[in-house]
Amino acid sequence: MINKDRLSETFKYLVEIDSVSREEEKFAKEIKKILQSMGAKTFVDNAGKKTGSNTGNLVAKFKGNVPALPLLINAHMDTVEPGRGIKAVLKNDMFTSDGSTILGADDKSSIAVILESLRVLQENELPYGPIDLVLTICEEIGLLGA
């Protein structure tokens, strides 16, 4: 049920959005749009004020379609340097950077998998309870937002 091509496209799209620590705002805004288009209620907390980031942690809440206890899923949005201008290269079914930067797979691979999993649940009308997704900032510099 996982759409491998869509998952790969999502991953490539995500890693090519700059989001080094304390500069995660552009990435957070893009992910927020995606999550809202999937029906999530979203908000950004004030962790950015405490960490010096240009955004806070992004929280998305999916109500689910069956009664259940909520599931909390967590990942982080920031990358280490050199993480600006990433160009993902797919060769032999494996992504690498073009060599001038990191790839940024930590933790954007997790976010891509989370998005694909949510899409599969929704598209196939599978039963799922409430899901709370927390995407944190500044994890790479001492777990400040996490």
Restricting to the chain, what percent of DSSP beta bridges are antiparallel, rounded to 5?
65 percent
Whole-number D in µm² s⁻¹ for the stretch 1-78, Kirkwood Cα-pair radius fed into Stokes-Einstein, 37 °C, 0.692 mPa s:
235 µm²/s
With only Lys, Arg, Asp and Glu charged, each at its Cβ (+1 for the first two, -1 for the last two), find how big the charge dipole of the chain is about the Cα centre; round to the nearest 20 debye.
400 debye
Descending principal axes extents, the stretch 74-115, alpha-carbon based, whole Å:
29, 25, 11
Taking a ≥ b ≥ c as the square roots of the eigenvalues of the Cα gyration tensor, with a/c under 1.5 meaning rounded and otherwise prolate when a/b exceeds b/c and oblate if not, the chain is oblate
Order by protection proxy (mean Cβ within 10 Å, highest first), peptides 80-93, 128-141
128-141, 80-93
Using helices alone, I'd like the mean residue ellipticity at 222 nm for the chain: each DSSP H run of four-plus residues gives -39500 (n - 2.57), total over residue count, nearest 500.
-10500 deg cm²/dmol
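All of the numbers you see were taken from the coordinates with simple rules; none came from a lab. These numbers come from a predicted model, not from an experiment. Cβ coordinates were reconstructed from backbone atoms using ideal geometry, including for glycine residues, and neighbour counts include every protein chain displayed.
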